Structures are given as structure tokens and as C-alpha cells.
Amino acid sequence: MSEAMTNRTKLLTMISEVIHFHCERDSDREELAQATIDATADWLEDVLDNIGIQPSAIPTLLRWQAHQHEYLDD
């Protein structure tokens with residue numbers, strides 16, 4: 001299945017990759033949290049470069065990205 005065909009959002013995919021990488025290395029929680037924040041920041045930069053958003057929309061957008069896959073099969 002190609003990336004375009006998956007039911008996972010880009011943000012969920014990016015953070016999952018960070019967690020998978022760091023869990024294999026058995027890193028501590030602080031390092032994992034920082035890597036997750038960095039992945040989220042990278043995703044936000046991508047969003048801003050492609051569509052632009054108002055800063056006040058960021059919390060809602062993050063929540064929507066985190067849970068969107070739960071509703072795709074409905």
C-alpha cells in the first residue's frame with residue numbers, strides 16, 4: 001500500500017516512525033518526547049509551506065490529525 005493510500009495521517013506516520021526508531025534504541029522518555037516534538041514541528045513546517053494556517057488553529061489541527069484515522073472507516 002502506498003503512502004497516499006494509507007488511512008494514517010502524515011503526522012501520525014511521522015511520529016510513529018520516531019517512536020519506533022527510539023524504542024529500538026531503548027532511549028529514555030525525555031529523548032523520545034523531544035524527538036516527537038521535533039517530528040511535529042517538521043510536520044507543521046510542511047503544513048505551513050503547503051497550505052498555511054493561522055496559529056490559533058494549531059491545537060485543533062493537531063487533534064484532528066491525531067484522531068482522523070479513527071473516522072475514515074465509518
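Looking at residue 49 and the list (1) modelled with pLDDT of 75 or more; (2) surrounded by 10 or more Cβ atoms within 10 Å (Cβ to Cβ), which single condition is not satisfied? (2) is the only condition that residue 49 fails.
Regarding the stretch 11-29, can at least one residue be identified that is modelled with pLDDT of 80 or more, surrounded by 13 or more Cβ atoms within 10 Å (Cβ to Cβ), in contact with a Cys (Cβ under 9 Å, 6 or more places away or on another chain) and not in a loop (DSSP other than H, G, I, E, B)? No, every residue in the stretch 11-29 fails to be modelled with pLDDT of 80 or more, surrounded by 13 or more Cβ atoms within 10 Å (Cβ to Cβ), in contact with a Cys (Cβ under 9 Å, 6 or more places away or on another chain) and not in a loop (DSSP other than H, G, I, E, B).
The residue of the stretch 52-74 that is surrounded by the most Cβ atoms within 10 Å (Cβ to Cβ), among those that are assigned to a helix (DSSP H, G or I) and in contact (Cβ under 8 Å) with a residue 40 or more places away in the chain, is 65. Considering only residues in the stretch 33-51 that are part of a helix (DSSP H, G or I) and more than 26 Å from residue 23 (Cα to Cα), the one that is nearest to the chain's Cα centre (by Cα) turns out to be 47.
The values are calculated or read from the model by the stated rules, or taken from the named source; none is laboratory data. All of these numbers come straight from a predicted model, not from anything done at the bench. When we count neighbours, we look across all protein chains shown, and the Cβ atoms used for this are built from the backbone with ideal geometry, even at glycine.
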